[in-house]
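Have a look at the structure below before the remarks.
The values are calculated or read from the model by the stated rules, or taken from the named source; none is laboratory data. Bear in mind the structure is a predicted one, so any value in this text is a computation, not a measurement. Counting neighbours? That spans all protein chains shown, and the Cβs are built from the backbone with ideal geometry, glycine included.
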C-alpha cells in the first residue's frame, strides 16, 4: 500500500498544482448532480403519493398545495441537468489540462541526459508513456477519486434523511451502503489488478512488435524472421485477449454483486418504511420518499465499477511515470575554466546511469582557447563519453571538471518531421532570416535550399526524409554554426559521407571555427589532421597526448583509417 501511495503522490501533487480549482469545482458539481437526483426522486415519490392520498378526500384535495412541490421538482430537475452538464465540462476540461501538463513534465523528464540515452535503445517506450500510460491516468480522477467521494457523500446524505425518520434505520442503511458499496469495488479492484497489468503489458508488446514488423519488414524477410515476428505479434495479442477475458469475468461478478446488494438493501428499506408506516411513525408519502431516497443513493456506487477494473492499469501507469515526474534537482553548471583555457579536467572518473563500470577513469586533460584537439581510440574506448562529460551530459563521479559553454554535434543527424526552418530554429529560436541564410551558406547548403520551390519552408519527412545523407549532415552543420559557443564538440562529423563531401564539410567547419576551440572524436585521418593535438584514449583512460610536429603526432595519425 505504501508503494502505491508513493507512486500516486507526485501525480496527485501535479493534479492539484495544475488545476486545483477546476478539479474541486468539478467534484462539487458532480456531488450537486447526485444530490439533486436523490432529492428529485424522493420529492417526486412523496408528491405522487401525497397527491393520490389527497384525492381520496374532497376536503384534503381542496387544501393540498400542489404548486410548491411541483415547483421544487422543476427546480431540482433544472439543477440536476445544469449540474450534470457543468460537471462534464469541468471534470473533462480539468482532466485533459492535467494530462497535457503530465505529458510535458514526462517529456522533460525523459529529456534528461541519462533517460534520453536509455531511450535510444527502446524509443517506443517514450511513445507508450506519453500516450497509453498518460491516458490510463484519466481514470484516477474521473473514475476513481470523484465517484468514490460522491458515492460516499450520497450515502451520508441518504443516511441523514432516513435518520430523520428513524435514527437506527438511517445509521444501519448508511453503514451497510458505504461498506458494501466501497467494499465490493475494493475486492474487485484487487482481483482485477493483476489482469489489468497483464492487459497493459500485452497491448504494449503488441504495439511494439507491430511497429518492429512494419519498420523492419525488409530486414526480417531477409533474415527469415518474418513468420517468427508474426507469431510473436499473435502471441502478444492472445496474451492481451486472455487478460481481457479475465477482466470481463471480474466485471460480471462485480455487476452481480452490486445487483445482489442493491436488492437486499432496497428490500430491507421497503420493509423498514412499511413497518414505520404501520406504526404511524411516518406517513405514506414520507415512506415513499424514504424508499426512493434509498433507491437513488445506491446508484452512485455503480459508477465505481469501471474504476475498480481500471485501478490495476492506473497504478501500473503511475509506477512507470512517477520517477520521471519528481522534480529533479537542477544540474549544477560546469565550473568556468581558468583564463585562456576552454576546459580543464583533473582526475575525473565518470559512470553512466546504472553502470558499475566506469566510462572514464582518472582523466587529466586541458585545452587552451583556439586549440583543436582530436580524441582517437577504438570503438568503446571512451571518445563519446569524454564529449558527453565536456557537454555536461555525463556527470563526474570524482575529480574536477571546468569547461566553457559547449555545443555538441553527435554522430547521428537528428532531424524532425518539420520544415527546414523549424529544424534550424531548434538550435537558435531567435535566429533571424539573415542568420539562417548565413549558416546555410557556411554549411554549403544554401544553393540547394534556394533551388527548392518552398525554400526554408520545405517540409521534411520523419528523420529528415527528403534530404540526401550529405544534405542532412550539412543541415546539422548549419545548426552548429548557429550556436555561438566558444567550444565545439564533434563526434565523427563526417562519418558516412563520401570523400569529396567530407573534405568540403571539414573545410567549412575549420573556417567557421576560427577563434573557437574544437574537440573531435574520430577514427578517420582526415578529421584528426586538422587538430593541433591528439589524445589517445584506451579503456576510458588517456594514454598519450601529442602535439603537431612531434613524432608521436604523426604516429597517431598513421593509426587512423585513411580518407
(message) Quick check on my filter: what residues within segment 156-171 are in a helix (DSSP H, G or I) and either over 21 Å from residue 28 (Cα atoms) or touching a strand residue (DSSP E or B) at 6+ places or on another chain (Cβ under 6 Å) (or both)?
(response) 162, 163, 164, 165, 167, 168, 169, 170, 171
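Would you confirm, using the coordinates I've provided, whether residue 199 is in the same structural domain as residue 262 (by TED's automatic domain parsing), modelled with pLDDT under 85, within 20 Å of the chain's Cα centre (by Cα) and over 30 Å from residue 270 (Cβ atoms)?
Answer is no for this residue.
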(message) Quick test of your reading of the structure: residue 495 fulfils all but one of (1) buried (at least 16 other Cβ atoms within 10 Å of the Cβ); (2) within 30 Å of residue 371 (Cβ to Cβ); (3) in contact with a strand residue (DSSP E or B) (Cβ under 8 Å, 6 or more places away or on another chain). Name the failing condition by number.
(response) (1)
(request) Please find, among 153, 179, 174, the residue that is in a helix (DSSP H, G or I), under 26 Å from residue 26 (Cα atoms) and free of Cβ contacts under 8 Å to residues at least 12 places away in the same chain. (result) 179
(request) Kindly check whether there is at least one residue in segment 426-443 that is over 19 Å from residue 507 (Cβ atoms) and in a strand (DSSP E or B). (result) no
(message) For the structure I just gave you, tell me whether residue 28 is part of a helix (DSSP H, G or I) and modelled with pLDDT of 85 or more.
(response) yes
(message) Quick check on my filter: what residues within segment 514-535 are out of contact with any helix residue (DSSP H, G or I) (no Cβ under 7 Å at 6 or more places or on another chain), surrounded by 18 or more Cβ atoms within 10 Å (Cβ to Cβ) and farther than 18 Å from residue 558 by Cβ?
(response) 516, 517, 518
(request) Return a yes/no flag: does segment 400-423 have any residue that is over 30 Å from residue 355 (Cβ atoms) and buried (at least 19 other Cβ atoms within 10 Å of the Cβ). (result) yes
(request) Please indicate, with yes or no, whether at least one residue in segment 209-220 is in contact (Cβ under 8 Å) with a residue 12 or more places away in the chain, surrounded by 19 or more Cβ atoms within 10 Å (Cβ to Cβ) and either in a helix (DSSP H, G or I) or outside the structural domain of residue 131 (by TED's automatic domain parsing) (or both). (result) yes
(request) Check segment 319-341 and report whether any residue there is out of contact with any strand residue (DSSP E or B) (no Cβ under 7 Å at 6 or more places or on another chain), closer than 30 Å to residue 253 by Cα, surrounded by 22 or more Cβ atoms within 10 Å (Cβ to Cβ) and at pLDDT below 90. (result) no
(request) Please state which of the following conditions residue 158 fails to meet, knowing it meets all the rest: (1) more than 20 Å from residue 262 (Cβ to Cβ); (2) touching a residue at least 40 places away in the same chain (Cβ under 8 Å); (3) over 35 Å from the mean Cα position of the chain (by Cα). (result) (1)
(request) Determine which single condition residue 65 fails, assuming it passes every other condition in (1) more than 24 Å from residue 23 (Cα to Cα); (2) modelled with pLDDT under 80; (3) part of a helix (DSSP H, G or I). (result) (3)
(request) Give me a count of the residues in segment 445-470 that are crowded, with 21+ Cβ neighbours inside 10 Å and either farther than 21 Å from residue 429 by Cα or under 30 Å from the mean Cα position of the chain (by Cα) (or both). (result) 2
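Here's the yes/no breakdown for (1) outside the structural domain of residue 405 (by TED's automatic domain parsing); (2) modelled with pLDDT of 85 or more; (3) closer than 25 Å to residue 406 by Cα:
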residue	(1), (2), (3)
458	no, yes, no
461	no, no, no
473	no, no, yes
483	no, yes, yes
492	no, yes, yes
496	no, no, yes
500	no, no, no
509	no, no, yes
516	no, yes, yes
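Within the group 272, 236, 232, 281, which residue is in contact (Cβ under 8 Å) with a residue 12 or more places away in the chain, surrounded by 14 or more Cβ atoms within 10 Å (Cβ to Cβ), part of a loop (DSSP other than H, G, I, E, B) and out of contact with any strand residue (DSSP E or B) (no Cβ under 8 Å at 6 or more places or on another chain)? Quick ask: steps written out before the conclusion?
Working: 272 fails: part of a loop (DSSP other than H, G, I, E, B); 236 fails: part of a loop (DSSP other than H, G, I, E, B); 232 fails: part of a loop (DSSP other than H, G, I, E, B).
Within the list 272, 236, 232, 281, the selection yields 281.
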(request) Check residue 167 against each of (1) in contact with a helix residue (DSSP H, G or I) (Cβ under 8 Å, 6 or more places away or on another chain); (2) surrounded by fewer than 19 Cβ atoms within 10 Å (Cβ to Cβ) and name the one condition it does not meet. (result) (1)
